Amino acid sequence: MIYTKNNEYSVRFYKDADGNIPVLEYIDDLSTKERAKVLKYIEFLREHEGVLDEPYAKHITGKIRELRVDFAKSRHRIFYFTFIGKTIILLHAFLKKTAKTPVSEIRRAEENYNDAIHNKNIYA
């Protein structure tokens, strides 16, 4: 799935070797209102060319950032990075339940990032 208008930035979802699209699957499992808010924030991210400051986004490690979508008591986090060709790749999403981002979630995002940059032909 790609969000794009003319020559602007586009948003693409990371796809693993088995064809799974983890962020899209995460979004699809949300309630209608939560899904709407998450998609609104993704569009906001695209409109701002992948550059948002807190409270909307936060640097995690290297080129990986997190989109922060809070809805009532739910804190949704989507890891992403900006790629060649004005493309934002959404890597991994999870429901944050602790004050600090779990290392396991960051590692999963890093694995997906490494996979994405080694398969440029899929995203470029």
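Any read-out appearing in this document is the output of simple, stated calculations on the displayed coordinates, not a laboratory observation. Since we're looking at a predicted model, the values are computed, not measured. Glycine also receives a Cβ, built like all others from the backbone with ideal geometry; neighbour counts cover every protein chain displayed.
State all residues of region 112-124 that are small (Gly, Ala, Ser) and more than 24 Å from Leu30 (Cβ to Cβ); if no residue qualifies, say none.
Ala124
What single numbered condition from (1) touching a helix residue (DSSP H, G or I) at 6+ places or on another chain (Cβ under 8 Å); (2) surrounded by 13 or more Cβ atoms within 10 Å (Cβ to Cβ); (3) under 28 Å from Asn7 (Cα atoms) fails to hold for His48? It fails just one condition, (1). Any residue in region 25-40 that is in a helix (DSSP H, G or I) sitting within a Cβ distance under 7 Å of a residue that is among the polar types (S, T, N, Q)? List the pairs, counting only those 6 or more apart or interchain. From region 25-40, the pairs are Glu34/Ser74.
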